[in-house]
1. Cβ-Cβ distance below 6 Å, separation of 6 or more or different chains: which pairs start in the stretch 23-49 with a residue that is acidic (Asp, Glu) and end on one that is crowded, with 17+ Cβ neighbours inside 10 Å?
2. Got a sec? Which strands (runs of 3 or more DSSP E) wholly within the stretch 1-58 have at least 2 residues that are at pLDDT below 80?
3. So which residues in the stretch 72-91 are β-branched (Val, Ile, Thr) and surrounded by fewer than 21 Cβ atoms within 10 Å (Cβ to Cβ), if there are any at all?
4. Please specify each residue of the stretch 131-158 satisfying the condition of being in contact with a strand residue (DSSP E or B) (Cβ under 8 Å, 6 or more places away or on another chain) and within 25 Å of Leu235 (Cβ to Cβ).
5. Could you say whether any residue in the stretch 211-222 is closer than 27 Å to Trp238 by Cα, among the hydroxyl-bearing types (Ser, Thr, Tyr), modelled with pLDDT of 95 or more and within 18 Å of the chain's Cα centre (by Cα)?
6. Give the residue that is nearest to Met17 (Cα to Cα), with candidates limited to residues of the stretch 45-71 that are surrounded by fewer than 17 Cβ atoms within 10 Å (Cβ to Cβ) and basic (Lys, Arg).
7. Identify the residue in the stretch 204-230 that is in a helix (DSSP H, G or I) and among the hydroxyl-bearing types (Ser, Thr, Tyr) and, among all such residues, is nearest to Pro25 (Cα to Cα).
8. How do the strands (runs of 3 or more DSSP E) wholly within the stretch 90-203 filter down when requiring 1 or more residues that are among the charged types (D, E, K, R) and in contact (Cβ under 8 Å) with a residue 24 or more places away in the chain: which remain?
Amino acid sequence: MNLEDLEVEKELKIIFMGTPDFAVPILQALIDNYKVRAIVTQPDREVGRNAEVRFSPIKKVGMDNTILVLQPEKIKDEIETIKNLEPDLIITCAYGQILPQELLDIPKIACINVHASLLPKLRGGAPIHRAIMNGYKTTGITIMYMNSKMDEGDIISSEEIEIDYNDTASTLHDKLSKLGAKLLIETLPLVINGTNDRIKQDSTLATYAFVIKREDEKIDFSKTKREIYNKVRGLNSWPGAYAMCDSKILKIWECHETDNFFPELLDGQITKIYEDGIGVKVSNGEIVLTLVQPEGKGKMKAVDFARGLSNKGNVEGKILS
């Protein structure tokens, strides 16, 4: 890239739209390489019993870098403001609202999105969780043109990574966030120069990563040990998988599979207390819960939780549901 090209890129008007931690490295990479003229993120929210006002991680980056931050309840309320900024590029990453066509038509070059899956696989709002929960061996980042449908725009670039056996949603989140930042910076010059690929998605290959609901979090011990293991790590570190124990919620943060089999027991029945946790019978064997969180308490080693149960009676044979 010559000096003239660099000067042109410095003059680009870029608007970034995003909200959660996942988007922070991607925004920071943009700030380090380009001039970001404005940021659009979700409004501040009151959280907790004390109604403490909390703003998005992306807003903090904007404030730290003295960048204009817009926080509309509905994006249509800021369309005129965005038009007046005359952006060349709008770049989105986990913004949290569907963008109307009127907004998509504003930028002079393009409106593009950084998505945490290999499209058309895992379209939707929870691709990191679902990749692990569904037992995927690989996933990645896709940079795509945006259209009015959910993650269906033409693909510009993508990069694949392996999902390690021990990955959780948290560790995979961090890997993909860094990969997204790298791939975006590699891809943007091609988009700006108009030399990028534009690959239509094959919708017959599409799968969907719908946002996690409460019913998705509950463990079904009639499933296989691998399915349960994938659910536990796919919901770690948020929102967490859970089972019921003595009519109370027991969050399960970590577990592992064993080669043991207990055909005489019921699914969900505690098999044995091991040195590292609580064995539970599942459809094709056993898992061992190692890190749990009883209702109303903090996270603890499962063996410590088992000691508390033993004070109330026999632990082995108790059924989790």
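The values are calculated or read from the model by the stated rules, or taken from the named source; none is laboratory data. Just so you know, these numbers come straight off a predicted model, no measurement behind them. We place every Cβ from the backbone using ideal geometry, glycine too, and count neighbours over all the protein chains shown.
1. Asp44/Phe55
2. 45-47, 52-54
3. Ile75, Ile79, Thr81
4. Selection gives Ala131, Lys137, Thr138, Thr139, Gly140, Ile141, Thr142, Met150, Asp151.
5. No, because not a single residue in the stretch 211-222 is closer than 27 Å to Trp238 by Cα, among the hydroxyl-bearing types (Ser, Thr, Tyr), modelled with pLDDT of 95 or more and within 18 Å of the chain's Cα centre (by Cα).
6. Among those residues, the one meeting the criterion is Lys60.
7. Per the stated criteria, the residue is Tyr229.
8. Correct list: 155-162.
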